[in-house]
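A short write-up of the structure that comes next.
The values are calculated or read from the model by the stated rules, or taken from the named source; none is laboratory data. Here the structure is a predicted model, which means the values were calculated and not measured. Every residue, glycine as well, gets a Cβ built from its backbone with ideal geometry; the counts of neighbours run over all protein chains shown. To get the accessible areas, we keep the full protein, side chains included, count just its heavy atoms, and leave off ligands, DNA and RNA. Shrake-Rupley method; radii C 1.70, N 1.55, O 1.52, S 1.80 Å.
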Amino acid sequence: MELTALLLSTDAAAHALLQRVLGNVGIRTEVCAAPAAGLRLLKSKKFEGIIVDCDDIDCGGDLLSILRGEGFARNSIVFAIVNGTTSMSDAFGMGANFVLEKPLSSERASRCFKAACGLMVGERRRYYR
């Protein structure tokens, strides 16, 4: 049973680091750079985790709020990546379950995704019942 996560970001360094870290934890990652395309993908597939780079994609903060209101992603575990424009408390207020700050490090990202893995497994089991 493979977990899947959608990464919405335009940052190539973040793509590389997160795909490596998520792969080590056993989470398959799909990357999308455009919010509209990401929403279409979320409506067509089930993702246990959604990672939104709030400050590097257009309307990233708004996208977090939209995800929490939509049925297709309401129960997914949402990760926010912030880079100074959006604060950690703002990201939590918009619906993020976990927040990572840039510059990203392998150690912090690993700890975050290991902690979230159990929640993601629970979401997968709940979804397939």
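In the range 42-68, the residues that are closer than 24 Å to residue 21 by Cα and open to solvent by 10 Å² or more (accessible area, probe 1.4 Å) form no Cβ pair under 7 Å with any partner that is β-branched (Val, Ile, Thr) and assigned to a helix (DSSP H, G or I), whether six or more places apart or across chains. When 4, 29 are checked against the criterion of being more than 18 Å from residue 100 (Cα to Cα), modelled with pLDDT of 90 or more and open to solvent by less than 40 Å² (accessible area, probe 1.4 Å), 4 stands alone in meeting it.
Could you tell me whether any residue of the range 84-106 is part of a helix (DSSP H, G or I), open to solvent by less than 40 Å² (accessible area, probe 1.4 Å) and out of contact with any Gly (no Cβ under 9 Å at 6 or more places or on another chain)?
Just the residues of the range 84-106 that are part of a helix (DSSP H, G or I), to begin with: 88-93, 106.
From what is left, the residues that are open to solvent by less than 40 Å² (accessible area, probe 1.4 Å) are 91, 106.
From what's left, out of contact with any Gly (no Cβ under 9 Å at 6 or more places or on another chain): 106.
Yes, the range 84-106 contains at least one residue that is part of a helix (DSSP H, G or I), open to solvent by less than 40 Å² (accessible area, probe 1.4 Å) and out of contact with any Gly (no Cβ under 9 Å at 6 or more places or on another chain).
Would you call residue 24 more than 12 Å from the chain's Cα centre (by Cα) and within 20 Å of residue 95 (Cβ to Cβ)? So that I can check it myself, show each step before the final result.
Values: more than 12 Å from the chain's Cα centre (by Cα): yes; within 20 Å of residue 95 (Cβ to Cβ): no.
It is false that residue 24 is more than 12 Å from the chain's Cα centre (by Cα) and within 20 Å of residue 95 (Cβ to Cβ).
Just so you know, in the range 69-83 the residues that are of a type outside the set (Asp, Glu) and open to solvent by 30 Å² or more (accessible area, probe 1.4 Å) include one that is nearest to residue 18 (Cα to Cα), and it is 83.
Suppose we filter 100, 39, 18, 8 for residues that are touching a Ser or Thr at 6+ places or on another chain (Cβ under 8 Å), among the hydrophobic types (A, V, I, L, M, F, W, C) and more than 17 Å from residue 121 (Cα to Cα); which single one remains? Don't jump to the end; show me each part of the working.
Working: 100 fails: touching a Ser or Thr at 6+ places or on another chain (Cβ under 8 Å); 39 fails: touching a Ser or Thr at 6+ places or on another chain (Cβ under 8 Å); 8 fails: touching a Ser or Thr at 6+ places or on another chain (Cβ under 8 Å).
Of the residues listed, the single one that is touching a Ser or Thr at 6+ places or on another chain (Cβ under 8 Å), among the hydrophobic types (A, V, I, L, M, F, W, C) and more than 17 Å from residue 121 (Cα to Cα) is 18.
Let me confirm something: among 74, 111, 68, 28, which residue is in a loop (DSSP other than H, G, I, E, B) and either over 13 Å from residue 7 (Cα atoms) or touching an Asp or Glu at 6+ places or on another chain (Cβ under 6 Å) (or both)?
On the way: 111 fails: in a loop (DSSP other than H, G, I, E, B); 68 fails: in a loop (DSSP other than H, G, I, E, B); 28 fails: in a loop (DSSP other than H, G, I, E, B).
Exactly one of 74, 111, 68, 28 is in a loop (DSSP other than H, G, I, E, B) and either over 13 Å from residue 7 (Cα atoms) or touching an Asp or Glu at 6+ places or on another chain (Cβ under 6 Å) (or both), namely 74.
Take the conditions of a type outside the set (Lys, Arg) and under 13 Å from the mean Cα position of the chain (by Cα) and apply them to residue 72. Does it pass? Judged against the criteria, residue 72 is not a match.
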